[in-house]
Amino acid sequence: MTTSPDALSAESIGTRLDRLRWSGTHLSILMALGAGWLFDSSEVNLVGSVINPLSEHFQATVEQSSRIFWVWLLGVLFGALAGGVLADRFGRRRLFLVTLLWYSGFTVLTAASPNLEVLYVLRFLTALGVGAEYGIINAAIMEFMPARVRGRSAAAVRGGWPREDGWRRPRRSCGGWSRGRTSTPARPSPGDAPEAPATTHRPALAELVRRYPGRLLLGCVLDLSEAFGYYGLSALLSIVVLKQVHYTDAEIPFFFILGNVGALIGGIGMTLAFDRLGRRWSVGTFYALAAAGIGVLAAATSTGDKGLVLAATMLANAVATGAWTAAYPTFTELFPTHLRAAGIGTSVAVGRIGAAYGALYLPTLAVQIGATASYVLIAAFWSIGAIAMIVWSVSGGVDGARQPLSALSAGARGTAGLSPSAGPLTK
């Protein structure tokens, strides 16, 4: 007799998913989620490649050009806040399909923008869909990949694909990715109250702040650090630096393509090493390297040499990609299933606030007093992420590498399931 899904506890569902051998369904989920994740990075590179001719077409100032990034980041902010709660409430798959259609439709409309004002509006609407996908994609990766390869799989979606022997036919066990590992309400164990997804962002945020303040703060700081660094640098390069070192409009797309080669190398390196190094070492080390990479790029820019700027950008992209591909799974797996997408959405929203200001003001700052000051600010924000990870580690924060998600959530509630290194309840 088959046991009813309602009779299975969250722990038993998670244990069964962790025990599964790698199958074709795991691969299909990774491919679908990876395709969705491409949107944000491809959009940034696309805009970076065309922003100069676009600005010339609309006769835009530096500040007006910066707003193209700014409105995009605001859209991602609001989309992440709303999408996280909706994904926890209505399911990952349903929202994933809706956001794909939303993104595609408004992207097509953007191409027909008659002026900057319409362009801003359509970019904002497009970004709402991409922002919503942050919570959906990151939550789904964490919940359906076996614990032994969870970190590697998460890094692979952002920077390359993992190698896994023994591909097998799809299994029904991984087919229904609607609400994560507990897609049907599980019966609570004695003394446990049911944990239903919040219907709006306010109660979800209130529970995150009350029960998981340290984890939420870590997610917000890591995302703020990487988003300011990533988007700030993209805006600075696109609007100011590449002109200063005399890249032509025809050369700029190739500059970003080669820059992405560096990002790919960094992503693949993190994919291969992530589960071996553990979360603390991976994130802390690569955030520090990302800050150093900006220093190298600043030195290259001061020479005015196009080749040196390209080589330094490839290096900066490699370590930056290693940093943020490690950061997302690190804080994503710390949230419980019923709040995971909301926790990711909140972290992403906080990050995009900083990124929006970086994208808006860093190019203007560079025009007024030189690019070096902007580079220093970017490096400082990457350093903040490195410091946050050091504080998390020293204070006994959880390292979730290869640990079941149920154990990570249990540790935050003060029940069994984590080693002593898990730290206090506020983590």
_Check which residues have an amide H placed less than 5 Å from Gly91's amide H, if you skip close sequence neighbours._
none
*Between the range 222-286 and the range 49-127, the Cα center-to-center distance that results, in Å*: 21 Å
*Karplus couplings for the range 244-252 from phi (6.51 cos²θ - 1.76 cosθ + 1.60, θ = phi - 60°), rounded to Hz, Gly and Pro as x?*
5, 9, 6, 7, 7, 4, 6, 7, 4
*Would you mind calculating the gained length between Ile387 and Phe90 on full extension (0.36 nm times residue separation, minus the Cα-Cα distance), in nm to one decimal?*
103.3 nm
*Using 0.36 nm per residue of separation minus the Cα-Cα distance, give me the extension gain between Gln59 and Ser302 in nm, one decimal.*
84.7 nm
*With a sphere of radius 13 Å drawn around the Cβ of Trp281, what net charge do the other residues whose Cβ falls strictly inside it have (Lys, Arg +1; Asp, Glu -1)?*
+1
*Please list, in chain and number order, the residues 5+ apart from Ala401 or on another chain whose amide H is under 5 Å from its amide H, with Hs placed from the backbone.*
Arg279
*In a solvent-free Debye calculation with one equal scatterer on each Cα, what is log10 I(q)/I(0) for the range 276-354 at q = 0.11, 0.20, 0.22, 0.24 Å⁻¹, listed in the order of the q values?*
-0.40, -0.90, -0.97, -1.04
_What are the ³J(HN,Hα) couplings of the range 380-396, residue after residue, when phi is run through the Karplus curve with 6.51, -1.76, 1.60 and θ = phi - 60°? Round to Hz, x for glycine and proline._
5, 5, 4, 5, 4, x, 4, 5, 4, 5, 5, 4, 4, 5, 5, 7, x
*Please give the length that would be gained between Glu251 and Ala206 if that part of the chain were fully extended, namely 0.36 nm times their separation in residues minus their C-alpha to C-alpha distance (nm, one decimal).*
11.3 nm
_Can you work out the Karplus-derived ³J(HN,Hα) for every residue in the range 110-117? Use 6.51 cos²θ - 1.76 cosθ + 1.60 with θ = phi - 60°, whole Hz, and x for glycine or proline._
4, 4, 9, 4, x, 7, 5, 4
*At q = 0.15 Å⁻¹, base-10 log of I(q)/I(0) for the range 227-337 (Debye sum, equal scatterers on each alpha carbon)*: -0.64
*Which value, in Å², gives the accessible area per residue of the range 112-154 when a 1.4 Å probe is used on the protein heavy atoms?*
23 Å²
_Average accessible surface area per residue within the range 258-406, 1.4 Å rolling probe, Å²_ = 34 Å²
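The values are calculated or read from the model by the stated rules, or taken from the named source; none is laboratory data. The shown structure was predicted, so the numbers you read here are calculated from the model rather than taken from an experiment. Virtual Cβ from ideal backbone geometry, glycine too; neighbours counted across all protein chains shown. All accessible areas refer to the heavy atoms of the entire protein, side chains included, with ligands and DNA or RNA removed. Shrake-Rupley method; radii C 1.70, N 1.55, O 1.52, S 1.80 Å.
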